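The values are calculated or read from the model by the stated rules, or taken from the named source; none is laboratory data. Please read these numbers as outputs of a predicted model, since none were measured by experiment. Because the Cβ atoms are built from the backbone with ideal geometry, glycine has one as well, and the counts that use them run over all protein chains shown. Just the protein is used for accessible areas: all its heavy atoms, side chains included, with ligands, DNA and RNA removed. Shrake-Rupley method; radii C 1.70, N 1.55, O 1.52, S 1.80 Å.
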Amino acid sequence: MTGFPQDPNYIGLNTPLGTEFDFTALPVEGTIPPEVTGTFFRAVPDPAFAPFMEDAAAILSADGMVSAIRFGDGTASAAARYVATQRHQAEVAAGHALFGKYRNPFTDKPEATGLDRTVANTTPVWHAGKLLMTKEDGRPYRVDPTTLETLGRYDFGGLLRSETMTAHVRIDPDTGEMFVFGYEAAGLATRTIAYFIIDRDGALTSEQWFEAPYCAMMHDFTITQNYALFPIYPTTCELDRLKAGGEHWLHDQSVDSWLGVLPRYGDVSEIRWFRGPAGVSCYHMMNAFEDADGLIHFDQCLSDSNAFPFIRAASGIALEQWELNGRLARWTVDPKGSADTIAETVIGPPGDFPVIPAAVQGRPYTHAWMLTMNPERRGPPVFGGPVGAMFDVLLRLDFTGAQPRALALPMGSCFNEPVHVPSAQSGHEGWLLTVVDHQTGPDSFVHECWIIAAAQPEAGPVAKVTLPHRTRPQVHGWWVSAAQIAAAKAEAA
Ligand code: V55
Ligand code: FE
């Protein structure tokens, strides 16, 4: 991979690799639990072509790659493929980049006009027997879970009107419905949010549009048993700025945040907006739920400004990463009361990549996992990802009063987001799978997939699988059991 500038988007762990691969019979240390039979799908963005213009946000535009780490019969294999987006295919045909800055089509080469700009690089979503590679700036692409071949753009059988779909869907554990939204749904820089529901068989059963208080980066949302919750933080977009070749996102510390509360099956005219603090920002929510008094609790990895340093820099915000006051924050609102206020409680440390058991989605919950940084680390974190710093501690948080449990990595090693594999044994918390990167030199890394007992991360991995290839930082992952893949195949046959 040549021609890439030596800037934070392309150095260290972020160095472009550009290789599709298949490896079988990976080296295994320890014993893979029999319940870990299936595929750990990972979104691992990797730019295929050097950019033709400067873009501090370029890490968000790296071409989607889907990686699969498969487990069965005590063995493991790994494969990766580019998602064959319109954008990737057009650039491969041209032999060079055609698309300019992150989410700004006014910076593209003329040959890119009219082509789908998304890179489908954020989350592999599995629902109703289909695997979708998603990114919030466009519609998803469907991928074959076995061959990783791209099957094309996916619009729910032509029914979806929204131009965009989030990479953070929420699946109700009881109904099997997938709750989804898209923002900038009516086009670039619009305030339009699409809210849609996909039933357990994959059919789009409703899509409604409403207007946000302002056009904001909406990376994630949550559900409870009765509500859909839409957070708005003041990272904003303006069409005129895009037309002038500027940044898609700037953050405004002086603008209020909002939480939109909509009855899950209601009409969008019923949405209520609760006013949050000015200037705050969050990428990922852990969960949300209603308590016995009908209050809604909304748990999120919040900070006092946008966590991406290139967004703060472009916005003239002189806050360093350690000055962001990161915290796991619970926002509580009363959907039946008359006040539009939000009460905040800090329930956990700074960090990101929250993980919950799928069975407690939108429900009261007792424990969860997330990544954080070791406050006692005596050197810099591993450089990588959009923030430029990787996490080195895996935490199990307990909301029933027990102490957190932590697995801290030695200097020079870091975690990517884990996925949770549930156990069929009652009382067993299941397993976490996570790719661990070890820096072995200024520009060299080795990678392993660790399997960890979710109840006791501090005990360390029960199995380690060596990946015989370099990998860039993962964004999000999804666990799909072998039984789920087999059932989808049987259904399609
Ligand atoms: C994020 C990642 C994205 C993106 C917007 O992690 C936000 C946050 C990998 O792409 O486009
Ligand atoms: Fe995300």
Non-local amide H neighbours of LEU151 (under 5 Å, H modeled in plane, Pro and chain starts lacking H): which ones?
-> ARG142, VAL143, ASP144
Would you grab the residues whose amide H sits under 5 Å from the one on GLU238? Only those 5+ places off in sequence or on another chain, please, with H modelled 1.01 Å from N.
-> none
Segment 345-359 - phi-based ³J(HN,Hα) in whole Hz, Karplus 6.51/-1.76/1.60, Gly and Pro as x = 10, 8, 10, x, x, x, x, 7, 6, x, 9, 10, x, 4, 6
At q = 0.07 Å⁻¹, what is the base-10 log of I(q)/I(0) for the chain according to the Debye formula with one equal point scatterer per Cα and no solvent? Please give it to two decimals.
-> -0.34
Sticking to Cα atoms, compute the Rg of segment 359-493 to one decimal and its Dmax as the biggest Cα-Cα distance, whole number, in Å.
-> 16.5, 56
Low-density loop chymotrypsin sites (Phe, Trp or Tyr not before Pro), segment 396-443, at most 15 other Cβ within 10 Å, DSSP non-H/G/I/E/B, are PHE399
With x for Gly and Pro, the residue-by-residue ³J(HN,Hα) of segment 228-235, computed from phi through the Karplus equation 6.51 cos²θ - 1.76 cosθ + 1.60 at θ = phi - 60° and given in whole Hz, is 10, 10, 10, x, 10, 10, x, 9
Excluding ligands, DNA and RNA, what is the solvent-accessible area per residue of segment 140-257 at a probe of 1.4 Å, expressed in Å²?
-> 35 Å²
If we count every other residue with Cβ under 13 angstrom of HIS420's Cβ, Lys/Arg +1 and Asp/Glu -1, where does the sum land?
-> -2
How much accessible area per residue does segment 27-75 have, in Å², with a 1.4 Å probe?
-> 35 Å²
Value of [θ]222 nm, deg cm²/dmol, for the chain, DSSP H segments ≥ 4, -39500 (n - 2.57) each, nearest 500 = -1500 deg cm²/dmol
Sorted by chain and number, the residues with a modelled amide H under 5 Å from that of TYR227, at a separation of 5 or more or across chains, are ARG264
Tell me, what ³J(HN,Hα) does each residue in segment 462-471 have, in order and in whole Hz, if you take phi through Karplus 6.51 cos²θ - 1.76 cosθ + 1.60 with θ = phi - 60° and put x for Gly and Pro?
-> 8, 8, 10, 10, 7, 8, x, 8, 6, 9
Any idea what the dipole of the chain comes to, in debye rounded to 20, about its Cα centre with Lys/Arg Cβ at +1 and Asp/Glu Cβ at -1?
-> 400 debye
Excluding ligands, DNA and RNA, what is the solvent-accessible area per residue of segment 269-351 at a probe of 1.4 Å, expressed in Å²?
-> 42 Å²
Inverting the mean 1/r over all pairs of different Cα atoms, compute the Kirkwood radius of segment 229-296 and quote it in Å.
-> 14.1 Å
How much length is gained on full extension from VAL92 to GLN225, taking 0.36 nm per residue of separation minus their Cα-Cα distance?
-> 43.4 nm
For segment 397-493, what's the relative contact order in percent, using C-alpha pairs closer than 8 Å and at least 6 residues apart?
-> 23 percent
Summing +1 for each Lys or Arg and -1 for each Asp or Glu, what net charge is found among the other residues whose Cβ lies under 15 Å from the Cβ of VAL346?
-> -1
A 1.4 Å probe over the protein heavy atoms gives segment 145-235 a carbon and sulfur accessible-area percentage of 47 percent
Looking at the chain, how many pairs of lysines come closer than 18 Å at the Cα, when each pair is eight or more places apart or spans two chains?
-> 5
What share of Cα pairs, in percent, lie more than 27 angstrom apart in segment 1-131?
-> 30 percent
